[in-house]
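Right, one structure below, let's go through it.
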Ligand code: HEM
Ligand code: HEM
């Protein structure tokens, strides 16, 4: 298992922990729900679910496709962009009430980082799904 696969899967579990913690705080203290809801939703949807998909996809899709991942280096950049980006987004939402100015920039920076990471994923997997060379020759 490549290092970025292992860490996408580990970070997915970390985000599951964060999302569930925020969920439990909302369950026991509903007055805080309006402040925590979006941080909770994204820790779980963009954190737990998406990171799990990224990790599993980077491991499994090259094998389905019969060719190596196009770029391990870009996958590593994606790992950092997605996790630092999501941390910025979630921290931005959590601190929205406290530091309105900081919120905007944490949130925007995090969103751009996460989106750039997603663009790398699209490119990397798209290229990886091209038919293996021997197969293309066979089809001619
Ligand atoms: C993958 C799992 C989950 C995802 C993707 C998810 C996503 C969401 C989303 C999108 C909302 C906002 C709903 C709205 O706008 O009305 C929400 C709210 C909420 N979720 Fe989750 N959730 C998950 C699991 C859980 C679990 C397991 C719990 C309980 C332990 C939970 C507790 C809550 C609570 C208390 C709210 C706030 C409701 C309110 O605004 O009063 N969530 N969640
Ligand atoms: C990390 C990049 C992302 C950013 C910057 C982002 C941003 C946002 C914003 C600004 C909203 C509207 C909040 C509002 O109503 O004021 C939203 C809502 C939502 N997003 Fe995301 N999002 C991201 C990723 C995702 C992903 C990957 C998923 C699902 C897999 C997702 C699921 C949702 C859901 C379900 C809602 C509705 C929550 C609610 O109304 O309570 N988001 N997002």
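If we scan region 11-19, do we find a residue that is away from ligand 2 (no atom under 16 Å from the Cβ) and either surrounded by fewer than 17 Cβ atoms within 10 Å (Cβ to Cβ) or modelled with pLDDT of 95 or more (or both)?
yes
Which of the residues spanning region 4-24 are in contact (Cβ under 8 Å) with a residue 60 or more places away in the chain and more than 16 Å from residue 81 (Cα to Cα)?
Scanning region 4-24 gives a single hit, 18.
Enumerate the helices (runs of 4 or more DSSP H) found wholly within region 44-140, keeping only those where 1 or more residues are within 18 Å of residue 18 (Cβ to Cβ) and either within 12 Å of the chain's Cα centre (by Cα) or without any contact (Cβ under 8 Å) to a residue 60 or more places away in the chain (or both).
Passing ranges, in order: 50-65, 72-94, 100-128.
The values are calculated or read from the model by the stated rules, or taken from the named source; none is laboratory data. Keep in mind that what you see is a predicted model, and the values were worked out from it rather than measured. Glycine also receives a Cβ, built like all others from the backbone with ideal geometry; neighbour counts cover every protein chain displayed.
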